Each structure stands twice: as structure tokens, then as C-alpha cells.
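The values are calculated or read from the model by the stated rules, or taken from the named source; none is laboratory data. Everything numeric here is computed off the predicted structure, so don't read it as measured data. Positions of Cβ are generated from backbone atoms using ideal geometry, with glycine treated the same way; all protein chains shown enter the neighbour counts.
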Amino acid sequence: MSLWKIIDKVKGFIVYDSDKEFYAKVFPESIERKDLMRLRKMRIEDLSAVLEIESKNYNFPWSDGIFRDCLKSLNYSCWVCEELNNVIGYSIVSMAVGEAHIMNICVDPAVQKQGVGNKLLENMIELANKKADTIFLEVRPSNRAAILLYEKRGFNEIGVRKGYYPAVKGQREDAVILALDLVSLFKE
């Protein structure tokens, strides 16, 4: 195996620029906070932090078993975003048959609207581009912040799934289906 293949393989496990950490210590005003956030593959030992973030964000959170199944699947790519060794967000994307599907993207409420979700989304788009032509996701219409983030990145509404999400008092909420054409995006 060539040195470049080994480097690419290592980069698949961690995405981080250590020089930024050095400059942040020496010249704190020279580095933005989002530049110190580190993306890496999710591990089993991350699940307690992931589950805590999940439960802070959703009335109907995913279970430990769902996350464990995602980590076991070869078709799923699971990532966390860390800051100072604390997990502050995570994302899961599945890829198969030329399509990618964002299964979950979630940020600790204490650090939302600070670039974490965008950083995770950019990573998923880059990963999906290697294996898929289109990336899809579902989002609650009530989640305006997420919809604005996805639209900013070029996702377009392609449909609605009626009664997709559980809601309070036994009700159901629709899901807006969004898609991003990766072929057109990376062709430009």
C-alpha cells in the first residue's frame, strides 16, 4: 500500500488540523472557535454523550440499540464533532446503490448556531460524494433552523412523507424530503 493510500485511510478516521490548535493557544484571537472543532468517526464509547445530546433535542430520541446498529453496519458512516475532547454533535449517513441518506444530525443545544451542524453536514456531503450521486434526508417542517441550513447547502424539497414522525399526544408530524444532487454540485 502506498504512503498516500495510508494517509487517506488515516484521514478517513479523523479530520482535524493540529496547527490550528497550536495557533489558538499562542494567538487565541487568530482562530475561530469552529476551526478548533474536530471531526472523527464515532466509537461505542461515545454513545453516552451521543445519547445525552439526542435526548436533549428530541421528544422521541433514538435508542442506544439504534446507534449500536448504525455503528455495526458497513453502509453507515457515523461521526462525532468534538471540542476540547467533549462530543458536541454527531451525524450518521447511510450509503448504498449510488444514494446517500442522512439518517441523523444533531448538535448539543448549548452550542447550536455556532457552525457545528454545518461542519457535520459538509463532512457528510463530502463522504457521500465519493459513493453517491444524490443525498437525501427527512426533516420536520417545524425544524426551521435545520431546513434553513439544508437549503443554504443547496438541498431542495422533493416531497413530503405524511405522518412520518411521532409527535406529542399520540399525534404524527409530516417529514419534508430534501435532496442534493452531488453530481451537479461537484461538477461546478
* Asked: Are there any pairs with C-beta distances below 7 angstrom linking a residue in the range 61-74 that is small (Gly, Ala, Ser) to a residue that is exposed (fewer than 12 other Cβ atoms within 10 Å of the Cβ), with the two at least 6 apart or on different chains, and if so which?
  -> none
* State yes or no: is Asp133 under 23 Å from Leu185 (Cβ atoms) and charged (D, E, K, R)? => yes
* Look at the range 118-143 and say how many of its residues are touching a Phe, Trp or Tyr at 6+ places or on another chain (Cβ under 7 Å) and acidic (Asp, Glu). => 1
* Asked: If you scan the range 125-149, which residues turn out to be in a helix (DSSP H, G or I) and either surrounded by fewer than 16 Cβ atoms within 10 Å (Cβ to Cβ) or in contact with a Ser or Thr (Cβ under 8 Å, 6 or more places away or on another chain) (or both)?
  -> Glu126, Leu127, Arg144, Ala145, Leu148
* Mind listing just one residue for me: the one in the range 63-97 that is within 15 Å of Ile125 (Cβ to Cβ) and over 9 Å from the mean Cα position of the chain (by Cα) and, of those, surrounded by the most Cβ atoms within 10 Å (Cβ to Cβ)? => Ser77
* Just for the range 141-150: of the residues that are out of contact with any strand residue (DSSP E or B) (no Cβ under 7 Å at 6 or more places or on another chain) and touching a residue at least 24 places away in the same chain (Cβ under 8 Å), which one is farthest from Leu127 (Cα to Cα)? -> Ala145
* Structure fact -> Of the residues in the range 163-188 that are in a helix (DSSP H, G or I) and without any contact (Cβ under 8 Å) to a residue 24 or more places away in the chain, the one that is surrounded by the fewest Cβ atoms within 10 Å (Cβ to Cβ) is Lys169
* Structure fact -> Note: among Asn129, Asn143, just one is in contact with a Leu (Cβ under 8 Å, 6 or more places away or on another chain) and not hydrophobic (A, V, I, L, M, F, W, C), namely Asn129
* To do: For residues that are in a helix (DSSP H, G or I), in contact with a helix residue (DSSP H, G or I) (Cβ under 7 Å, 6 or more places away or on another chain), of a type outside the set (Gly, Ala, Ser) and buried (at least 19 other Cβ atoms within 10 Å of the Cβ), tally how many sit in the range 107-124.
  => 2
* Structure fact -> The correct count of residues that are part of a helix (DSSP H, G or I) and either of a type outside the set (A, V, I, L, M, F, W, C) or within 15 Å of the chain's Cα centre (by Cα) (or both) in the range 33-46 is 5
* Asked: Does the range 157-173 contain at least one residue that is in contact with a helix residue (DSSP H, G or I) (Cβ under 8 Å, 6 or more places away or on another chain) and either within 23 Å of Glu52 (Cβ to Cβ) or at pLDDT 95 or above (or both)?
  -> no
